[in-house]
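I have placed the structure first, in the form of structure tokens, so that the comments after it can refer back to it.
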Amino acid sequence: MRVAVLSGGRSSEHDISLLSGDAVADGLEAAGHDVIRITIEKSGTWICGGDAVSIRSGEGLEAGGDLLSIDVAFPVLHGPFGEDGVTQGALDTAGVPYVGSDVLASAVCMDKLTLKRVCGFHDIPQVGFVQAFTPGWEQDALELEFPLWVKPSRLGSSVGISKVTEPDELAAAVEEAARFDPRVIIEANSSGREIECSVLGNENPEASLPGEILTDDEWYDFEAKYTEGRTRIDAPADIEEDTSARVRELATSVFTLAGCSGLARCDFFVEEGEGESRILLNEINTIPGFTRTSVYSKLWKATGLEYPDLCNRLVELALARAKAESQHSY
């Protein structure tokens, strides 16, 4: 296949996306595919081979005056304008099949507030939360379990997140998060272990063995995530077999409820105590970090799926979804 790998983007995760994109391109080539590399600059301009890329509605992508021969696109874009449905909508407009979730699922999963409300409707266990700037939000937030975690609702990589240990710190933390997003979520604390699970598939998704995030830092912030040696992943996680099975089942349930397809990484807190462990949803990422050493791919490797095979499987899933959707009339 001729696969267009899209990386970069307008978000604060631009550089991380470039690393993921290079790894995916190499993995696809190792799997036997012909790769076209498209970089989205921080300005938002799409570039391929030095030429600006534009959309021909229903026909594909154009660069240098010619249509690019593309069978499928593989967006490896983290954060706003890439993981939130915007790029997916552009590819839909161009008529190009693509890896990963569609516009709706991407938007739902990118917005922590919306995802939590969808999952709450379906009784998925999760930590308590409050939306800032809604009626009575300050009092409601103070009734949550401290410390509180204040976050922009639609960002990733822990950008704009603050840990609030005292009530008088709340206003400043909300103001900081609001610099990045007018939608701000305040979450209760969980003392559980941070367990993550990779999901792969369309209508019948599969879950990897879970892994545990281990960091020497106070919490899993941007520096801990992207500074070499500060964080490691224990894959598979050292948890009870029945807990592992429940994490995997819950991960595929959340994936399906949110309408995801292709890939996602589902993050949980596992609170252990007497009796059965309590598993709480944290979030789901529809385009997680995707280098060979990223959590998503490491968990699949621990489960028995090598990186090139993983990339190839995602291309197959994208084409299968595009074929199924082509049967509908619009």
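Quick note: the coordinates plus some simple rules give every number you see, no bench work behind them. Note that the structure is predicted; figures quoted are calculated from it, not measured. Here the Cβ positions follow ideal geometry from the backbone for every residue, glycine too, while neighbour counts run over all protein chains shown.
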* Compare the Cα positions of L280, L209, Y296 along the charge dipole of the chain (+1 at Cβ of Lys, Arg; -1 at Cβ of Asp, Glu; about the Cα centre) and return the one farthest towards the positive end. => Y296
* Only Lys, Arg (+1) and Asp, Glu (-1) charged, at Cβ; the stretch 2-99 dipole about Cα centre in debye -> 120
* **Amide N proximity, the stretch 144-160 versus W137 label position 7 Å along Cα-to-Cβ, cut-off under 14 Å** => 149-154
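Distances over 24 Å make up what percent of all Cα-Cα pairs in the stretch 2-99? Before the final figure, lay out each step's value.
On the way: 564 of 4753 pairs.
Value for the stretch 2-99 (Cα pairs over 24 Å): 12 percent.
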* Structure fact -> Rounded to whole angstroms and listed largest first, the alpha-carbon spread of the chain along its three principal axes comes to 59, 44, 42
* Highest to lowest packing among 274-284, 192-202, 144-154, scored as the average C-beta count within 10 Å -> 192-202, 144-154, 274-284
* Structure fact -> Scalar couplings 3J(HN,Hα) for the stretch 310-327 by Karplus 6.51 cos²θ - 1.76 cosθ + 1.60 (θ = phi - 60°), nearest whole Hz, x for Gly and Pro, are 5, 4, 5, 4, 5, 5, 4, 5, 5, 5, 5, 5, 4, 5, 5, 5, 5, 7
* Asked: Roughly what angle does helix 14-30 make with the longest principal axis of the chain, taking Cα atoms, 0 to 90 degrees, to the nearest 10?
  -> 50
* Expressed in nm to one decimal, what extension gain is obtained for the pair R232 and L18 from 0.36 nm per residue of sequence separation less their Cα-Cα distance? -> 74.9 nm
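Could you give the size of the charge dipole of the chain about its Cα centre, using +1 on the Cβ of each K and R and -1 on the Cβ of each D and E, expressed in debye and rounded to the nearest 20? Write down the numbers at each step before the final one.
Values: 27 positive and 56 negative charges, 211 e Å.
About 1020 debye.
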* Asked: How long is the gain from L67 to I47 if the chain were fully straight, where each residue apart is worth 0.36 nm and the alpha carbon distance is subtracted?
  -> 5.8 nm
* To do: Report the paramagnetic label zone for S57: residues of the stretch 87-131 whose backbone N is under 16 Å from a point 7 Å from Cα along the Cα-to-Cβ axis.
  => 89-96
